[in-house]
Every structure is written in structure tokens, then in C-alpha cells.
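The structure appears below as C-alpha cells.
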Amino acid sequence: MSKKNLIDFVHISKTFDDTLVLDDLCLSVRENEFVTLLGPSGCGKTTTLRILGGFVTPDSGQVIFDGRDITHLPANKRNLNTVFQKYSLFPNMNVAENIAFGLKISGKSDAYIKDKIRYALKLVNLEGFEKRNPMSLSGGQQQRIAIARAIVNEPKVLLLDEPLGALDLKLRQDMQYELIRLKNELGITFIYVTHDQEEALTMSDTVVVMNQGYIQQMGTPEDIYNEPENAFVADFIGDSNILDGIMLKDKLVKILGVTFDCVDTGFGSNRPVDVVIRPEDVLLKKPGEGHLDGVVSHLIFKGVHYEMEVTANGFDWLVHSTSCHPVGTPVSLSVDPFNIQIMNKPESDDEKAVVLDE
């Protein structure tokens, strides 16, 4: 049985200082879904979150929450809570008082508040920290307190605006697993904003890739990574080799003057296309044994693999391999037909693979 839509953004547009930030955005979020809004700075993802949270009013369109139009409903009347990158904890209150703040404003009883604090601290693995000053704790612990403060209010939706951006790499990875666990245990809807592709692919049920106020693609992490719909998505999600190609006919494409078998159909004959090949899908063979020959021009050891550039037919191919090929080594490149992704050329500037500055 499919889950119903909990949130619908209906033709949302927003302009700041004559700059169009969101352009006719339509997006639906289902109950108990972990949805990540992903994109470069300025793409509209945080504005989308703030419109849902009630902090920004759209110029046009509607926000439907659980079947009700909440477009103009004040933020404090919405059954959702926001966790920001800056934790916004009160330094003059201990951990328990920070968590209890919203409950006290709501007039909950002392017994109810005590139970909720105990429950929330257990959920975020901070039992016994009630009397600690949050400013004496690590960044990861402070972030967990901010999450605990949000979940004690039992929101239907938890909004997270780049909440891990201030943490170091190891803490960030630990918190990713914590958020997945919390989402599964709480059974609430998470809407997460980030420009970090790894976070989006690691945690999400659904990834919404945005650029220049538009949704470029929406789907599962696997779909977004393996089947990008345009060059922007392919370029923004992970590393890619993006090349100009000519679709000669169904299942046959010419790249850099060389004919490759592929599995795509329906592009017509002799038509210019964009071709995406992931670096881990480029196989290195002995010279003469692959599709085209080249020379290793750059090498970096990345821990789990070697990252190489191979210059072949005037193009610098990015290649990931567990085998080391030193700079200057002659090699041949080969690609399985299933790993060649064919896409239509962009029809407008909005569709082009232009990644905005971070």
C-alpha cells in the first residue's frame, strides 16, 4: 500500500531583490519519507525549506500540509520543527532545560516534561547529560541536543537545514547514521537540506536535485547516481566524464571519433547527445585491447582506489581503479555498454551543466 502525500508544494514561486529564487516549484513528500533537497548554493533549497517552516512566504503558490493549506499559517502553528546548522542552544540553560524549552512554553506538566527529556536523551544517546552545560560539549553532542529539543515536540515533520555542516568529517559520518536510525525509530518525515552529495546519497529515500530554482531530477539515490537525466545532475552527483557524442542509431554512439556500443534507444540517427561515463566504469587494459588508447597523465591515491587521469583522443578521462598505473603508462580504455549513459543536449541555459559557486 503506497503512502499518502503529507506535503505538497503547488506552483511555488519566490523572488528576493528582483532575483527569482524559486520558479513554479511543484514537489510532493510522502509520510515517513527521508527527502533531501540537494544542490549548489543559491539553487533555492533553503528557501523551499523556510517556506515550509513558515519563515518565508511565497509570492505565489500553495503549501498543503496533511490536506490543509498552511501557506499563510504562522510558523509556531505548524506541526513541524527545524534544526539549523547553528544549533541555537541557550548557553544559560543546561541540557535538560534546553530540551524542555518548547514543552514549557506549551504548558506541559512537569511529569510529562521529565518523561520526554528522558525519552529524547535516550534516543540521541546522551543519557546522563541532563545537568551539563551544552557549551561544554562537542559539536556532535550539541547537534544531538538540538535534535532532541525538536523531537520532544512530536512534530510530524523534522526540517534539517545543513545540520552537519559545522562538524568534522568523522562526526558528520557518525551523525548520518544517527539520523537514519532516528528516522526509522521515530517514524516521522525528514526533509533535509544539503549541498553535500555523499550525505544525500547516504541517508535519503528520495533526493531532489535543484539548480537555479528548478528541480532538475527527483528519485532514489540509486536512480539519481546511475541514471542522471541531464548533464547538470551527472556533474553535480559524484564524478563523471561528460563528453559530446553523436548517436549514430539505436544502441550505437560515436565518442571522440570512436564507435561505442550502448543500450540506449529512441534518440534518432546522427543526433548530437551528451554522454556520461562514471570514472569507476572505465576499465583499463593493455594498449590495443580497449576502445581507445591513451597515457596516464595524473595519479592520486584515494585510500580505497586510485584516481587517475588518462589522456586519450584529446580528452582527459577520469578513471577510478584499485590497480595502480603510474604516470606515463600506456593503457587502453574500455567501457561496458550498460555503463554508457546517453542524454539529450540541453535546450536552454537552465538545463546546462553550470554548477554555481559554493
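The values are calculated or read from the model by the stated rules, or taken from the named source; none is laboratory data. Quantities reported herein were computed from a predicted structural model and do not represent experimental measurements. No Cβ is skipped: glycine too gets one built from the backbone with ideal geometry, and neighbour counts run over all protein chains shown. Ligands, DNA and RNA are excluded from the accessible area calculation, which covers all protein heavy atoms including side chains. Shrake-Rupley method; radii C 1.70, N 1.55, O 1.52, S 1.80 Å.
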Quiz item: Just a yes or no: is a residue in region 306-318 of a type in the set (Gly, Ala, Ser), modelled with pLDDT of 95 or more and crowded, with 16+ Cβ neighbours inside 10 Å?
Solution: yes
Practice problem: Please determine, by comparing only the residues of region 246-273 that are of a type in the set (Ser, Thr, Tyr) and touching a Leu at 6+ places or on another chain (Cβ under 9 Å), which one is nearest to Asn226 (Cα to Cα). | Solution: Thr259
Exercise. Kindly provide the set of residues from region 251-305 that are surrounded by 12 or more Cβ atoms within 10 Å (Cβ to Cβ) and in contact with a Cys (Cβ under 9 Å, 6 or more places away or on another chain), ordered by number.
Key: Lys251, Leu252, Val253, Val275, Leu299
Quiz item: Scanning for something at positive phi and without any contact (Cβ under 8 Å) to a residue 40 or more places away in the chain, does region 134-156 turn up at least one residue?
Solution: yes
Self-check item: Selected residue (only one of Asp18, Asp59 is acidic (Asp, Glu) and at pLDDT below 95)
Solution: Asp18
Quiz item: Of all residues in region 173-193, which are open to solvent by less than 50 Å² (accessible area, probe 1.4 Å) and among the charged types (D, E, K, R)?
Solution: Glu178, Lys183
Self-check item: Odd one out for Asp357 among (1) modelled with pLDDT of 95 or more; (2) touching a Pro at 6+ places or on another chain (Cβ under 9 Å); (3) loosely packed, with under 13 Cβ neighbours inside 10 Å
Solution: (1)
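What strands (runs of 3 or more DSSP E), lying completely within region 257-344, carry at least 2 residues that are without any contact (Cβ under 8 Å) to a residue 40 or more places away in the chain and over 27 Å from the mean Cα position of the chain (by Cα)?
292-301, 306-312
Considering region 201-231 alone, what residues qualify as being within 25 Å of Ile340 (Cβ to Cβ) and touching a Cys at 6+ places or on another chain (Cβ under 7 Å)?
Scanning region 201-231 gives a single hit, Asn211.
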Exercise. Considering (1) touching a strand residue (DSSP E or B) at 6+ places or on another chain (Cβ under 9 Å); (2) within 27 Å of Ile12 (Cα to Cα), say which one Asn211 fails and leave the rest.
Key: (1)
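Quick one: in region 108-127, of everything that is part of a loop (DSSP other than H, G, I, E, B) and open to solvent by 60 Å² or more (accessible area, probe 1.4 Å), which residue is modelled with the lowest pLDDT?
Among residues in region 108-127 that are part of a loop (DSSP other than H, G, I, E, B) and open to solvent by 60 Å² or more (accessible area, probe 1.4 Å), the one modelled with the lowest pLDDT is Asn125.
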Self-check item: region 319-337: number of residues that are of a type in the set (Val, Ile, Thr) and surrounded by 17 or more Cβ atoms within 10 Å (Cβ to Cβ)
Solution: 3
Practice problem: For region 67-107, enumerate the residues that are among the polar types (S, T, N, Q) and either open to solvent by 70 Å² or more (accessible area, probe 1.4 Å) or outside any helix (DSSP H, G or I) (or both). | Solution: Thr71, Asn76, Asn79, Asn81, Thr82, Gln85, Ser88, Asn92, Asn94, Ser106
